[in-house]
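Structure first, then comments.
Since every read-out is calculated from the coordinates, none of them should be taken as a lab result. All values reported here derive from a predicted model rather than from experimental measurement. Don't worry about glycine lacking a Cβ; one is built from the backbone with ideal geometry, like all the others, and counts go over all protein chains shown.
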Amino acid sequence: MDTVAWLKTLIAFDTTSRHSNLALIHHVADYLHGRGLQPWLAHNGAQTKANLFVTIPAADGSHAGGIVLSGHTDVVPVDGQQWTSDPFSARIADGRLYGRGSCDMKGFIAAVLAAVPQMQAARLMQPLHIALSYDEEIGCLGAPVMLAELAQRGLNPQHCIVGEPTSMRMVVAHKGIHTFRCRVHGKSAHSSLTPQGVNAIEYAAKLIVYINQLAGELQRRQDLDAAFDVPFSTLSTGIIKGGTAVNIIPALCEFEFDYRNLPHMQPEDVAAPIRRHIAEVLEPQMQAVDPACRIEMTQRENVPALGQADNALLHELIAQLVDDAQQHKVAYATEGGQFQAAGMHTVICGPGSIEQAHRADEYIELAQLARCDRFLSALIHSQAA
C-alpha cells in the first residue's frame with residue numbers, strides 16, 4: 001500500500017488515548033510478519049496497550065546500531081468538537097486528507113510503513129528501526145516501556161527521527177513538560193468563625209501567587225533562548241477546585257500547574273523553591289491553627305526536554321534530506337527527549353503542521369505526505385551501500 005492508503009487504514013482505528021491501541025498494533029504487526037520481519041511488542045501493565053518495535057536489518061544481517069523512525073499511535077479525543085465528517089473515516093478534499101490523527105501523527109507512521117519494501121530492498125549499511133508507541137498524548141507513557149525493553153535487547157540504535165508534525169522542517173530542540181498537583185489540606189469551620197478554620201482555598205491562592213512570582217523570575221533570567229517562540233521557561237496554573245458552600249471555610253483545595261522548561265533547565269529549578277515556600281512559610285502559618293494542616297505537592301507528568309548536544313552528525317544528515325536546512329526549536333514536547341535520554345541522537349521531523357493538530361477537521365496536506373515520502377526515500381538511499 002502507498003502512504004495515502006496506509007493513512008486511511010490507520011485513521012480507521014480509534015486509538016484515542018483512553019482506548020486500547022492493540023487492534024492497530026496487531027494489524028501493523030501482521031503486515032510486518034507478512035514481509036518476513038520480526039516485530040516485538042512491549043505492553044503496558046494492564047496488557048491493554050502496546051508499543052511495537054521492528055528492525056529492518058543491515059545487508060550483513062546486523063540489528064544493532066542504526067536509525068530509529070519513531071511515531072505515537074494514540075490520538076486526542078474528538079469530544080466536544082464540531083467535525084464536518086466522521087473523524088475516523090479519512091476524507092480527501094482540496095489537496096488535504098482529513099481525519100483524527102492525520103497530522104498528529106499517523107501521517108508519518110503511514111509513510112514509514114509504506115517505505116518498508118524500499119527499506120528491505122536496499123543494501124543497508126546499518127539497520128533501520130521502526131518504533132510505534134502508545135499514550136504519548138497523555139504524558140509520553142509508552143516510550144519509556146519500549147526503551148527499557150530495547151536496552152535489555154542490546155540493540156543500541158545511534159540516532160532517532162521522531163516524526164511529529166514540523167512541516168518537514170528539522171526541529172533540533174524542544175521544551176520539557178512537567179505537571180504538578182498541589183492538595184491543600186486546611187480546617188473546615190463555619191464562615192462566621194474564620195479564626196477557628198484554615199481556609200484551603202486562600203492558602204492555595206497564596207501558593208499560586210508565589211508560583212506566578214517564580215514565573216516572572218523565569219522571564220527575567222539571563223540564560224534565555226531566542227530561538228524558541230517563547231524564549232524562557234514558563235509556569236502556569238491550569239486547574240483549581242475546592243469548597244462546598246459559600247458559608248463553609250473549605251478544608252480542601254486542589255490545583256495543578258504546568259512547567260515548560262528550556263532544555264538546559266530542570267524541574268527541580270522550580271519544584272525546590274516551591275517546596276521550601278510551602279515548608280518554611282505556608283505550612284507554619286496553617287499549623288499554628290491546626291497541626292494536621294498541610295500541603296502535598298506531587299509530580300504528575302515528567303517529559304524531558306530535547307537538547308542539541310552532540311547531534312552534529314544527525315543534523316548534517318537531516319539537512320541534506322529536507323528542503324529547509326535551518327534548525328528550529330519548538331515549545332511543544334515530544335518523546336524525543338526520552339529517546340535522547342536513552343543515548344540516541346534525536347531530531348524531530350515529520351509531515352503536517354502542528355497548527356492542525358488536536359483540532360476539529362484535523363488534516364494533513366497531500367503535498368506534505370509526498371514530501372515525507374521523498375524524505376524517507378532519500379534517507380534509505382543515504383544508508384544504502
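A dipole drawn for the chain from +1 and -1 charges on Cβ atoms has a positive end, and of 353, 182, 194 the residue lying farthest that way is 194.
Among residues other than residue 329 whose Cβ falls under 13 Å from its Cβ, what is the net charge (Lys/Arg +1, Asp/Glu -1)?
Numbers: positive: 169, 175, 260; negative: 225, 229.
After counting each charged neighbour, the total is +1.
Each Lys and Arg contributes +1 and each Asp and Glu -1, all at the Cβ; summed about the Cα centre of the chain, the dipole is approximately 300 debye.
In this structure, the amide hydrogen of residue 168, modeled 1.01 Å from its nitrogen in the peptide plane, lies closer than 5 angstrom to those of 350, 352, counting only residues at least 5 positions away or on a different chain. Of the residues 162, 208, 151, the one whose Cα sits farthest towards the positive end of the charge dipole of the range 109-217 is 208 (charges of +1 on Lys and Arg Cβ, -1 on Asp and Glu Cβ, taken about the Cα centre). Sequentially through the range 342-348, phi angles give Karplus couplings (6.51, -1.76, 1.60; θ = phi - 60°) of 7, x, 9, 5, 9, 10, 10 Hz, Gly and Pro residues having no value and appearing as x. Its Cα centre serving as origin, the range 176-303 has a Cβ charge dipole (Lys and Arg +1, Asp and Glu -1) of approximately 320 debye. For the range 178-198 and the range 58-77, what is the separation of their C-alpha centers, rounded to whole Å? Each part reduced to its Cα centre gives a spacing of 50 Å. Candidates [x] 21.7, 80; [y] 23.7, 82; [z] 20.5, 60; which is the computed Rg and Dmax of the Cα atoms in Å? Matching the structure shown: [y]. Estimated from helices alone, the mean residue ellipticity of the chain at 222 nm is -9000 deg cm²/dmol (sum of -39500 (n - 2.57) over DSSP H runs with n ≥ 4, per residue). Seen from residue 195, the other residues with C-beta closer than 14 Å to its C-beta sum to a net charge of -1, counting Lys and Arg as +1 and Asp and Glu as -1.
From the Cα gyration tensor of the range 325-385, with a ≥ b ≥ c the square roots of its eigenvalues, which class applies: rounded if a/c is under 1.5, or else prolate if a/b is larger than b/c, or else oblate? Taking the square roots of the gyration eigenvalues as a ≥ b ≥ c, the range 325-385 is oblate. In this structure, the residue pairs whose Cα-Cα separation is over 31 Å, taken from 241/329; 49/206; 49/187; 106/175; 206/329; 8/241, are 241/329; 49/206; 49/187; 206/329; 8/241. The DSSP beta bridges internal to the chain are antiparallel in roughly 70% of cases.
Backbone phi angles across the range 86-93, fed through the Karplus curve with coefficients 6.51, -1.76 and 1.60 (θ = phi - 60°), yield HN-Hα couplings of 4, x, 10, 10, 4, 10, 10, 7 Hz in residue order; Gly and Pro are listed as x.
Among residues other than residue 358 whose Cβ falls under 11 Å from its Cβ, what is the net charge (Lys/Arg +1, Asp/Glu -1)? Can you show the working numbers first?
Numbers: positive: 100, 359; negative: 104, 137, 355, 362.
For residues surrounding residue 358, the net value is -2.
The distance separating the Cα centre of the range 307-385 from that of the range 114-176 comes to 11 Å.
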